[in-house]
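First up is the structure itself, then whatever we jot down about it.
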């Protein structure tokens, strides 16, 4: 059984991702490099931890000119080998992530530096000068600096949630100021996934059908008709173009702001010291409501999601205003009331978050937890959805969220 798992991992490692690709980065990071003693690739993510791309760790043992030895590693993101490969390639997520890491994050960090504040948003990005036929993103391995994820099934506690919201506010503020100073972001930032056509309609229908079927477990049978009606006409928010609402405050959203895409570093006493963003493939220029709904509803502890929702929005707003003022935002800063109004306006995000993302976050890792099964219309897909929606963690979260979302008009058909 163990051998089968090892063989499966080996199959994910492509032959083209070889030592030569990383050599320019090693030369840059180790000017006194004598020779590479060993090179090894391994998958980084456990089962159920990544659905869009394959993430590999490139491990090196190095000998330096003075005779000493050093270990180092890099993170490499590549397209999946699965049936979803063509879809992912068409979404332009690699183009977007290269731009965000290579251009925008350095600009944002420089803006804060010029204002007298040191802020970092993510790992170092390594731009490859090789011409490749494959998609590739190479990043610093944050694990070398002690960064790690919070266990997603547990959710973020108040300390981690506030720290993440503060970093989001800083990122959002810089992106809004840059927009005013330098103009619009490229067209691909108008939506999360730049699909040429909607290939997800059958998936959404199957997902909503399975979700509503589980409503008796959530004490929500009385909401089934409303959710089913709403779901049957709702557009795919991941493919939707961001609406341009007159006077609305807009920012560059992380776009996939769930707990696995934030990494945390701690000081020697174990106190939270830093938050970094990873996986910036789905950024979209729109209201910050998207990131706020996404993070709070998918990734915070159950006792925070609803009871502390308004508090968390106010906390984020305070940090946003602080950063906008520091960076000399040239317009009137958004009010707390307007932010709440925007969260209502962008409430279309609630259904995909609670029916797709949240159950995935709460599910234990397994061989079945992958994009192919998530997208499957029957068979393996039905089994996967059944596991998601009957998961005891999902049940207790849905019991809290569904009545709240319904009271906010989240499933009201208005078109």
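Key figures for this structure:
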read-out	value
Index of the failed condition, residue 65 passing every other in (1) modelled with pLDDT of 95 or more; (2) more than 22 Å from residue 144 (Cα to Cα); (3) in contact with a helix residue (DSSP H, G or I) (Cβ under 9 Å, 6 or more places away or on another chain)	(3)
Hits in region 1-51 - residues which are part of a loop (DSSP other than H, G, I, E, B), surrounded by fewer than 14 Cβ atoms within 10 Å (Cβ to Cβ) and at pLDDT 95 or above	31, 32
Every residue from region 114-127 that is surrounded by 12 or more Cβ atoms within 10 Å (Cβ to Cβ) and either out of contact with any strand residue (DSSP E or B) (no Cβ under 9 Å at 6 or more places or on another chain) or assigned to a helix (DSSP H, G or I) (or both)	115, 117, 119
Filter result for the condition that a residue is touching a helix residue (DSSP H, G or I) at 6+ places or on another chain (Cβ under 6 Å), at positive phi and either in the same structural domain as residue 354 (by TED's automatic domain parsing) or surrounded by fewer than 17 Cβ atoms within 10 Å (Cβ to Cβ) (or both), over 291, 279	279
Some residue of region 323-344 being modelled with pLDDT of 95 or more, surrounded by fewer than 21 Cβ atoms within 10 Å (Cβ to Cβ) and at positive phi	yes
Checking residue 301 against (1) without any contact (Cβ under 8 Å) to a residue 24 or more places away in the chain; (2) farther than 23 Å from residue 251 by Cα, the condition it does not meet	(1)
Unique match (being surrounded by 12 or more Cβ atoms within 10 Å (Cβ to Cβ) and modelled with pLDDT under 85) among 58, 89	89
Residue in region 376-391 that is modelled with the lowest pLDDT, counting only those that are surrounded by fewer than 21 Cβ atoms within 10 Å (Cβ to Cβ) and part of a helix (DSSP H, G or I)	380
Which numbered condition residue 262 fails, given (1) surrounded by fewer than 22 Cβ atoms within 10 Å (Cβ to Cβ); (2) in contact (Cβ under 8 Å) with a residue 60 or more places away in the chain	(1)
Some residue of region 52-63 being farther than 16 Å from residue 123 by Cβ and assigned to a loop (DSSP other than H, G, I, E, B)	yes
Positions within region 74-86 being in a strand (DSSP E or B) and either surrounded by fewer than 19 Cβ atoms within 10 Å (Cβ to Cβ) or under 18 Å from the mean Cα position of the chain (by Cα) (or both), in sequence order	75, 76, 77, 78
Only listed residue being surrounded by 12 or more Cβ atoms within 10 Å (Cβ to Cβ) and assigned to a loop (DSSP other than H, G, I, E, B), chosen from 131, 135	135
Residue satisfying all of: in region 119-132; over 17 Å from the mean Cα position of the chain (by Cα) and in contact (Cβ under 8 Å) with a residue 60 or more places away in the chain; farthest from residue 59 (Cα to Cα) among these	120
Odd one out for residue 189, checked against (1) over 16 Å from residue 238 (Cβ atoms); (2) modelled with pLDDT of 95 or more	(1)
Elements of type helices (runs of 4 or more DSSP H) in region 138-254, at least 3 residues being within 29 Å of residue 411 (Cβ to Cβ) and within 20 Å of the chain's Cα centre (by Cα)	158-182
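The values are calculated or read from the model by the stated rules, or taken from the named source; none is laboratory data. Because the structure is predicted, anything quoted here is derived from the model rather than measured. So basically every Cβ, Gly included, is an ideal-geometry build from the backbone, and we count neighbours across all protein chains shown.
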